[in-house]
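Here's the structure, in structure tokens; my notes come after.
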Amino acid sequence: MTFRVETIASERLTLEVLPELGASVLNLRAASGRPVLRPVDLSKVETSSQCACFTLLPFSNRIRDARFTFGGREVQLRATTKDGLTQHGDVRNRPWQVSRPSEQHLRCDFDSRDFADMNWPWAFTARVEYLLHGPHLDLSVTLTNADTSEMPAGMGLHPYFQRREDGVDPRLSFDAALLYDTGERQLPTAEARPVRPDEDYRTSREIGKEQFDRVYTAWDGTARLDWGTRALVLTADPVFSHLVVYTAPDGSLALEPVSHATDAFNLAARGVGGTDMRTLSPGQSLAGAARITLEGEW
């Protein structure tokens, strides 16, 4: 399948989006052509997993055994992974409706009621907006409960950043004091604990060859990748209280601002604190924005 590409551009950045595939980002490049997110070849894209960034709604990351309890109700979802989890919500591979308020602004809307096979028992709507200005890309997300009863809710963004170029690995830094221990399916086993020295990025350092998939919290909303002559800064609103840091097999680095812990619905039902699971009343929205900023010689 060939996907339609919507492009917006400013003097500093060019953004390509695939409306028919979750309104996912295909590419984000500096004016020089240098990739900001991992570079993606459209001809090789089959799902949002091959894109440079996708949106996580109406929850982020994984749900244990694709089920949870909410308001005394047992909720069984379809498993979407080989190990029996459901993962990353259910909007990232579906078509969104697009409007263009300006040459540098793309707006994408989604209504779960347009699909009979949604893997979520509550009706909801969503909006994602991309705005380029100066050296910045602003990404905003809004999730609204369109049902007649309360629903659990969460959201996130899943950008993959380009790492090594000409053999240079960037220094990574972010201020997050807590981390979740996880089991064999990358699911948290208890409340977040203080980070150990080898997990602490409050002082910048290279990742090197280490491979991991971690969920941090008590995060101040800022992360930085620094190559020396240039840098990239990710900032996120406080609603994105957790940061997933994932060293992807292709060599890129996912820095994912998310609104709750992995498997937050089940953790909350167990009485685990600090997971930041939200509940939306009918008509209520959860919203937040993140920004990618270029510094130096891009």
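The values are calculated or read from the model by the stated rules, or taken from the named source; none is laboratory data. Quick caveat, the model's predicted, so the values are computed rather than measured. Here the Cβ is made from the backbone with ideal geometry for all residues, glycine too, and neighbour counts use every protein chain on show.
Worth a mention:
- Each residue in region 35-64 was checked for being more than 17 Å from the chain's Cα centre (by Cα) and small (Gly, Ala, Ser), and 1 of them qualify.
- Restricting the search to strands (runs of 3 or more DSSP E) fully inside region 130-194 and requiring at least 1 residues that are of a type in the set (Ser, Thr, Tyr) gives 136-145, 156-161, 171-179.
- Test result for Thr86, polar (S, T, N, Q), over 13 Å from His158 (Cβ atoms) and modelled with pLDDT of 95 or more: yes
- Residue in region 89-104 that is in contact with a Gly (Cβ under 8 Å, 6 or more places away or on another chain), basic (Lys, Arg) and closer than 21 Å to Leu18 by Cα present: yes
- Only one of the listed residues (Glu20, Glu11, Glu46) is surrounded by fewer than 16 Cβ atoms within 10 Å (Cβ to Cβ) and more than 23 Å from Tyr246 (Cα to Cα). That residue is Glu11.
- Filtered by the rule that a residue be at positive phi and modelled with pLDDT under 95, region 205-228 gives Gly208, Gly228.
- Hits in region 159-201 (condition: surrounded by fewer than 16 Cβ atoms within 10 Å (Cβ to Cβ), among the small types (Gly, Ala, Ser) and touching a residue at least 60 places away in the same chain (Cβ under 8 Å)): Ala190
- Looking across region 229-271, the residues that are modelled with pLDDT of 95 or more and of a type in the set (Val, Ile, Thr) come down to Val233, Thr235, Val239, Val244, Val245, Thr247, Val258, Thr262.
- Condition met for Asp117 (over 21 Å from Ala269 (Cβ atoms) and surrounded by fewer than 16 Cβ atoms within 10 Å (Cβ to Cβ)): yes
- Only one of the listed residues (Ala287, Ala231) is assigned to a strand (DSSP E or B), more than 18 Å from the chain's Cα centre (by Cα) and under 24 Å from Cys53 (Cα atoms). That residue is Ala231.
- Every listed requirement among (1) more than 13 Å from the chain's Cα centre (by Cα); (2) under 24 Å from Thr125 (Cβ atoms); (3) assigned to a strand (DSSP E or B) is met by Thr293 save one, (2).
- Single residue of region 253-278 satisfying the filter (over 16 Å from the mean Cα position of the chain (by Cα) and β-branched (Val, Ile, Thr)) that is surrounded by the most Cβ atoms within 10 Å (Cβ to Cβ): Thr275
- Note on region 281-296: among residues that are closer than 13 Å to Leu13 by Cβ and hydrophobic (A, V, I, L, M, F, W, C), the one that is surrounded by the most Cβ atoms within 10 Å (Cβ to Cβ) is Ile292.
- In summary, Asp250 fulfils each of the numbered conditions (1) loosely packed, with under 12 Cβ neighbours inside 10 Å; (2) within 24 Å of Ala269 (Cα to Cα); (3) in contact (Cβ under 8 Å) with a residue 60 or more places away in the chain with the single exception of condition (2).
- When each of Glu103, Glu129, Glu199, Glu165 is tested for being farther than 29 Å from Arg73 by Cβ, under 17 Å from the mean Cα position of the chain (by Cα) and among the charged types (D, E, K, R), the lone residue that passes is Glu129.
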